[in-house]
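Below is one structure; the comments refer to it alone.
The values are calculated or read from the model by the stated rules, or taken from the named source; none is laboratory data. Model, not experiment: these values are computed from the prediction. Backbone-built Cβ (ideal geometry, glycine too); neighbour counts: all protein chains shown.
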Amino acid sequence: MEAPGRAGRRAPRWLIALALAAPALVFLAVFYVVPLGYMVAESLHPWRGDGGDERTVSLEQYGKVAKGGRTVRAFERTVRIAAIATAASFVVSYPIALLLLGAGRRLRTALLLVVFVSLASSLLVRNYGWLVTLSDTGPLNRLLIGLGIVDAPVRMVYSEGAIVVALVHYTMPFMILPVFASLLRIPASYTEAAQSLGAGPLRALAGIVLPLSIPGIFGGTLLTFAICMSAFVTPLMLGSPSTSMISQVAAEQFLVQLNFPFGSAVIVSLTAATFAIVAAYTLAVRRVFRAQV
């Protein structure tokens, strides 16, 4: 006699997982894979302004990217700004995540609301706020002059420093939330045991909490770095031609020069460089911290 429930067999787990992931996979394919594939194909053709044959396939545009002085400097500047902004975002966000962990229910809810409101606010509004704050006649310069620290306004806007500050402000929620989620998974008994054995708060933090929160730190730094590498609006508003990032160079090729092959090569190179840096960072975290990331 057949056992009850055998007639209706459940679908395999991999099939259920595939069905659940199907909408996201379709979205990625339509709005990411297909456009990126089109840009790869476009980057392999010469520019019409050069009088080249569109049927020709070559790596000429990538050679221009590698040999172009402005493009190389923009790449170096982009990586430098992204790395500095990521490090600064971590330094500022980690204490806030610790504060969220130790806060009471009401204070934690209030702080999380502030983080989510900051995440939902317009990037343009934030950048205009920093333009006013960092301007020569802004409140920060007036404060420095009023305290006697400087005698004349300090030029802060239209610089790499202004870009870094605005990027840190924008990416803090992307750093705080993964780190906080990782901290929540650390049992409180671990730090209590360390302190009962004579470890002070700082030693328990450095020896217990920080290593166990590596997965959250990894996720937050990864998100922050990727966002900073592709930043366009912030360096456009708070930077200058001498601080152009690679996304601005690509936009100029698309919108001003109408050189779609070269602009596509710049974007593909940026994507490849970002993935290469992320892959190297992932391997380094796995080998140095033995973390499962």
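Between LEU258, LEU270, the distinction of being farther than 28 Å from TYR94 by Cα and part of a loop (DSSP other than H, G, I, E, B) belongs to LEU258 only.
Every residue, every condition in (1) surrounded by fewer than 12 Cβ atoms within 10 Å (Cβ to Cβ); (2) over 26 Å from VAL165 (Cβ atoms), yes or no:
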position: PRO35; (1), (2): yes, yes
position: VAL40; (1), (2): no, yes
position: TRP47; (1), (2): no, yes
position: GLY69; (1), (2): yes, yes
position: ARG73; (1), (2): no, no
position: ALA85; (1), (2): no, no
position: ALA88; (1), (2): no, no
position: GLY102; (1), (2): yes, yes
position: LEU107; (1), (2): no, yes
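Taking the condition assigned to a helix (DSSP H, G or I), closer than 28 Å to TRP130 by Cα and touching a residue at least 12 places away in the same chain (Cβ under 8 Å), does GLY220 pass? Judged against the criteria, GLY220 is a match.
For segment 224-248: of the residues being assigned to a helix (DSSP H, G or I) and aliphatic (A, V, I, L, M), which is surrounded by the most Cβ atoms within 10 Å (Cβ to Cβ)? Here the residue is ILE246.
Could you tell me which of the residues ALA251, ALA265 is part of a helix (DSSP H, G or I) and over 30 Å from ASP136 (Cβ atoms)? Give the steps one after another, and end with the answer.
Working: ALA251 fails: over 30 Å from ASP136 (Cβ atoms).
The unique qualifying residue is ALA265.
The single residue among ARG77, ARG142 that is among the charged types (D, E, K, R), under 17 Å from the mean Cα position of the chain (by Cα) and surrounded by 12 or more Cβ atoms within 10 Å (Cβ to Cβ) turns out to be ARG77. Could you check segment 208-223 and list, in sequence order, the residues that are surrounded by fewer than 22 Cβ atoms within 10 Å (Cβ to Cβ) and either under 15 Å from the mean Cα position of the chain (by Cα) or closer than 12 Å to ILE163 by Cα (or both)? Scanning segment 208-223 gives PHE218, GLY219, LEU222, LEU223.
Could you please let me know if PRO178 is out of contact with any Gly (no Cβ under 8 Å at 6 or more places or on another chain), in contact (Cβ under 8 Å) with a residue 24 or more places away in the chain, part of a helix (DSSP H, G or I) and under 25 Å from ALA284 (Cβ atoms)?
Working: out of contact with any Gly (no Cβ under 8 Å at 6 or more places or on another chain): no; in contact (Cβ under 8 Å) with a residue 24 or more places away in the chain: yes; part of a helix (DSSP H, G or I): yes; under 25 Å from ALA284 (Cβ atoms): yes.
Criteria not met by PRO178.
One line per residue, one yes/no per condition, for (1) assigned to a helix (DSSP H, G or I); (2) small (Gly, Ala, Ser); (3) modelled with pLDDT of 90 or more; (4) out of contact with any Asp or Glu (no Cβ under 8 Å at 6 or more places or on another chain):
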position	(1), (2), (3), (4)
PHE31	yes, no, yes, yes
MET39	yes, no, yes, yes
GLY49	yes, yes, no, yes
ASP53	no, no, no, yes
SER58	no, yes, no, yes
TYR62	yes, no, yes, yes
ARG70	yes, no, yes, yes
ARG73	yes, no, yes, yes
ILE81	yes, no, yes, no
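A quick yes/no check of all residues on (1) more than 22 Å from LEU222 (Cα to Cα); (2) at pLDDT below 95; (3) touching a His at 6+ places or on another chain (Cβ under 9 Å); (4) in a helix (DSSP H, G or I):
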residue: VAL125; (1), (2), (3), (4): yes, yes, no, yes
residue: ASP151; (1), (2), (3), (4): yes, yes, no, no
residue: VAL168; (1), (2), (3), (4): no, no, no, yes
residue: ALA204; (1), (2), (3), (4): yes, yes, no, yes
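In segment 88-103, the count of residues that are closer than 25 Å to ALA206 by Cβ and in a loop (DSSP other than H, G, I, E, B) is one or more.
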